[in-house]
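Q: I am attaching a structure below and will ask some questions about it afterwards.
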């Protein structure tokens, strides 16, 4: 019997962590969906995003979780970080899958060590996960440009295999590094079922939901500014981690200025098991994001038969054109118009939109998919 091929996945957060949002669920699905020919190893932090208390997991040693071996490391300390890297190296992985380009400990340091021979003959699969979009590159631009210059100087762009999750991300990678880099394009995995949840009728005002990290990139402020001019009743439930205290205060101030017929309730983050049920209890996902390389919550909303309003800066524009959603330019006036139309619709019209969302999801879920990204990465020919 052929030995399983070991793949080391380095990820900032991994279940039971969940405050990092969709990327955590996408990476968990990537590992869970791996073919039997692979033996996944995961190196990750021993605590959740923004938390000082460790997760309730065995730390600084290997533990089995959902078909993978996971090493929860105290990445905040140099000792814990080094022990984690050495633990992975001792397993002699054939492929190192890095899920960021900019993360100092789980991408930059491992890449430099790889260039120095630390990982032996292992191949590196590098996933930018949206970090090369114009909006992402503009934040802390000087530091990022300096690092990307070093990245080029070390000859890394053409030594790694790039993992793109959408055509627009492939274009971003080629724009930065040229046409000769090797890219494996494969949409993120999901553990969602093949069939959408049947929607239940909802009477009364539009029940809208924002579910994601409460940071400027996700655009909650834009939705709140748009709601200030909506004349029909709306209830917006906000679910997500409050990562940026100043930004959250800005959103609270916008809520205080809303008219009486618009209510907003902040609920905090949602555990992975509760995401789809939460979306299923709402009629419209509101997502004025500056950009997503995938947008796991969009797939979850459609699977819950929750209609979607989102900007054009995701891979979902073509899918939503089939029904169950609306694509809205990222500015206040278009969002006011879109939310007004949704809020003024009858409960029966909103129910029809939710049914269309579920049908669109089932068509999307049934599409044939390329091989698992690890299979393609190991088969790719490097220059």
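The values are calculated or read from the model by the stated rules, or taken from the named source; none is laboratory data. Bear in mind the structure is a predicted one, so any value in this text is a computation, not a measurement. Note that each Cβ is placed from the backbone with ideal geometry, even for glycine, and that neighbours are counted across all protein chains shown.
Q: For segment 61-134, which fully contained strands (runs of 3 or more DSSP E) count at least 2 residues that are touching a residue at least 12 places away in the same chain (Cβ under 8 Å) and under 24 Å from the mean Cα position of the chain (by Cα)?
A: Those strands (runs of 3 or more DSSP E) span 68-73, 95-98, 123-126.
Q: Pull up segment 132-156, narrow it to residues that are crowded, with 18+ Cβ neighbours inside 10 Å and within 17 Å of residue 312 (Cα to Cα), then point me to the one that is modelled with the lowest pLDDT.
A: Ranking the candidates gives 136 first.
Q: In the set 151, 210, which member is under 30 Å from residue 52 (Cα atoms) and either more than 20 Å from the chain's Cα centre (by Cα) or not assigned by TED's automatic domain parsing to the domain that holds residue 28 (or both)?
A: It is 210.
Q: Could we say that residue 284 is more than 22 Å from the chain's Cα centre (by Cα), surrounded by 20 or more Cβ atoms within 10 Å (Cβ to Cβ) and within 16 Å of residue 343 (Cβ to Cβ) here?
A: In short, no.
Q: Can you find, within segment 17-47, the residue that is surrounded by the fewest Cβ atoms within 10 Å (Cβ to Cβ) among those that are assigned to a loop (DSSP other than H, G, I, E, B) and more than 16 Å from the chain's Cα centre (by Cα)?
A: The extreme case among them is 36.
Q: Hey, another quick one. Is it the case that segment 287-299 has a residue that's touching a residue at least 40 places away in the same chain (Cβ under 8 Å), closer than 20 Å to residue 333 by Cβ and surrounded by fewer than 17 Cβ atoms within 10 Å (Cβ to Cβ)?
A: no
Q: Being touching a strand residue (DSSP E or B) at 6+ places or on another chain (Cβ under 9 Å) and crowded, with 22+ Cβ neighbours inside 10 Å is the requirement here; does residue 68 meet it?
A: Taking the combined requirement at face value, the residue does not satisfy it.
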